[in-house]
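The values are calculated or read from the model by the stated rules, or taken from the named source; none is laboratory data. Every value quoted in this text rests on a predicted model; they were computed, and no experiment measured them. With ideal geometry, Cβ positions are generated from the backbone for all residues, glycine too; neighbour counts draw on all protein chains shown.
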Amino acid sequence: YDGIDFNGDGLLDEKWAYVHDKLSKIEVDRDFDGKADHIIQYDRKGHIESASSDDNFDGVFETDSIFLNGNIQWIKSDTTSDGYHDYQQFFSNGVLNKVKFIDPVSGKPLKTQTYDRIKLRSAELDSNGDGKFDTSYLYDELEEIKKVDLGNKNG
């Protein structure tokens, strides 16, 4: 491994692995405990392909990311430590355009947020857990709610 010791403790905090002189993997120890908590994988051409992260530093990699042509496509995270990716972010040309909060039991979205040019523009909510959105929100330029539509909460 080659790499960088960011905090001067003599251990590499970022390690680089190569295959046939092309970068194949980077392992990063972001909290300096000696264990990798962010791993980036590269394809045979050296292009970023995927990443996995342990974002709460408990030893479990709960966040997965996929890249295409160097741009992030999606990030999916297990925020409740149940093994299910309940928080999902989707990107277009590397720019966030949608976030979904997923019910791990039904697999259906409890809430979606839509972004335009990195700003929150709208959201839909399933407030009663029946699998159907019943409340929608529109946001202004400061991401303050400018309109709420309560829809039909009784089905």
The condition of being surrounded by 12 or more Cβ atoms within 10 Å (Cβ to Cβ) and either assigned to a loop (DSSP other than H, G, I, E, B) or on the phi > 0 side of the Ramachandran plot (or both) holds, among Ser65, Ser127, only for Ser127
The number of residues in segment 76-112 that are charged (D, E, K, R), more than 14 Å from the chain's Cα centre (by Cα) and more than 23 Å from Ser136 (Cβ to Cβ) is 1
Taking segment 8-39 and the residues there that are surrounded by 14 or more Cβ atoms within 10 Å (Cβ to Cβ) and out of contact with any Asp or Glu (no Cβ under 8 Å at 6 or more places or on another chain), the one that is farthest from Ser65 (Cα to Cα) would be Leu23
When segment 109-131 is checked residue by residue, the ones that are at pLDDT below 95 and either within 26 Å of Gly83 (Cβ to Cβ) or among the polar types (S, T, N, Q) (or both) are Ser127, Asn128, Gly129, Asp130, Gly131
Taking segment 88-98 and keeping only residues that are surrounded by fewer than 18 Cβ atoms within 10 Å (Cβ to Cβ) and either in contact with a strand residue (DSSP E or B) (Cβ under 6 Å, 6 or more places away or on another chain) or not in a strand (DSSP E or B) (or both), one is left with Gln88, Phe90, Asn93, Gly94, Asn97, Lys98
